[in-house]
Amino acid sequence: MTILLLTKTDDNECVESVTRALLARGADVYRLDSDRFPTDLTMSVERGPAGSRARLRDASRVVELEDVTAVWHRRLAIAARLPETMKPDLKSASRQESIATLLGCLAALPAFKLDPLHHLRRAKNKLLQLQLARDLGLEVPRTLTGNDPASVREFSDACSGAIVAKTMTSFAVTEDDEEKVVFTTPVAPSDLEELHGLAYSPMTFQENLPKRLELRATVVGKRVFTASIDSQRLERARVDWRRSGLELVEDWQSYELPREVERGLLELVETLGLNYGAADFVVTPDDRHVFLEVNPVGEFFWLERYPGLTISEAIADVLVGNASRTGDS
């Protein structure tokens, strides 16, 4: 069996750890660094009366895609190495053609996908996640998304003024030539009078939940690997633990989700058509487990270091068919 890992050259250690686990299970592994296509990696797909043939070729290897039994959709950076000297319109066209060609080729493969790209795109819709999670019995926070200042003020009043602002997508902004990640931020009373920016971009607001712990629950196939962090011990991490992620990285502990919460999370991930999902929860002082969101391609490398969760092994088992999984394509 041949497993294709769809990633990029500057991806982190997760790719190597999953590769080692796959090799230990007797799989042949081909790492497709998507940023190398089309400049350093060639592809050909032939369709005709006699059948089909598709292959990838780089300086060291030729891979017949008909031999691929599973694909891990890890990271995408297609056409990232196109020359800077290309005219902008030509570069844009080349990038679009490269994306359509490579993803179209992979979509046509009858191999198992972890996970299918159209499932990943749908699953990233956080409003859909919250609706499904609530319908499946998981507790979710009060949430308002939109660009109507009056509704935001009403929502804040309903939450006794304790709300946070967050974004639907992950991105960074540049200030004084420095790139800064946008984190979840408390909304002060003065902020409610300065909501003019909503005219240019909607935002998401949630009740500011009291926290005893924060959880990352990683679903792989039908298994759940959960770890907890006490984000409240550091001032900067109390609203968003990522602000002090490096300081807290060694403090993650294994955690056992209540059975009904784990069951609801597994049903949510299956409903979204996924075999992998990295979910965030808040544990309140009165021990409620409140679902925030699930990232269908979320990171996990630090959870293998601390507290030593065996997520790569589980991913390898799903890819080679040694574990239960959702869907076959």
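Within the stretch 27-35, is even one residue β-branched (Val, Ile, Thr), at negative phi and in a loop (DSSP other than H, G, I, E, B)? Checked the stretch 27-35: no residue is β-branched (Val, Ile, Thr), at negative phi and in a loop (DSSP other than H, G, I, E, B).
Taking Asp58 as the residue in question, decide whether it is acidic (Asp, Glu) and either out of contact with any Lys or Arg (no Cβ under 6 Å at 6 or more places or on another chain) or over 30 Å from Met86 (Cα atoms) (or both). Criteria met by Asp58. Screening the stretch 112-166 for residues that are touching a Phe, Trp or Tyr at 6+ places or on another chain (Cβ under 8 Å) and among the small types (Gly, Ala, Ser) and picking the one that is farthest from Ala199 (Cα to Cα) gives Ala133.
Residue count for the stretch 252-262 under the criterion of being surrounded by fewer than 17 Cβ atoms within 10 Å (Cβ to Cβ) and touching a residue at least 40 places away in the same chain (Cβ under 8 Å): the result is 3. For the subset of the stretch 303-315 comprising residues that are in a helix (DSSP H, G or I) and out of contact with any Leu (no Cβ under 8 Å at 6 or more places or on another chain), which member is farthest from Ala165 (Cα to Cα)? Step by step, filter the stretch 303-315, then rank; the result is Glu313.
Here Leu192 clears all of (1) farther than 20 Å from Lys126 by Cα; (2) in the same structural domain as Phe301 (by TED's automatic domain parsing) except the condition numbered (2). Note on the stretch 10-65: residues that are farther than 19 Å from Leu76 by Cβ, at pLDDT 95 or above and of a type outside the set (D, E, K, R) amount to 7.
The values are calculated or read from the model by the stated rules, or taken from the named source; none is laboratory data. These figures come from a predicted structure and were not determined experimentally. So basically every Cβ, Gly included, is an ideal-geometry build from the backbone, and we count neighbours across all protein chains shown.
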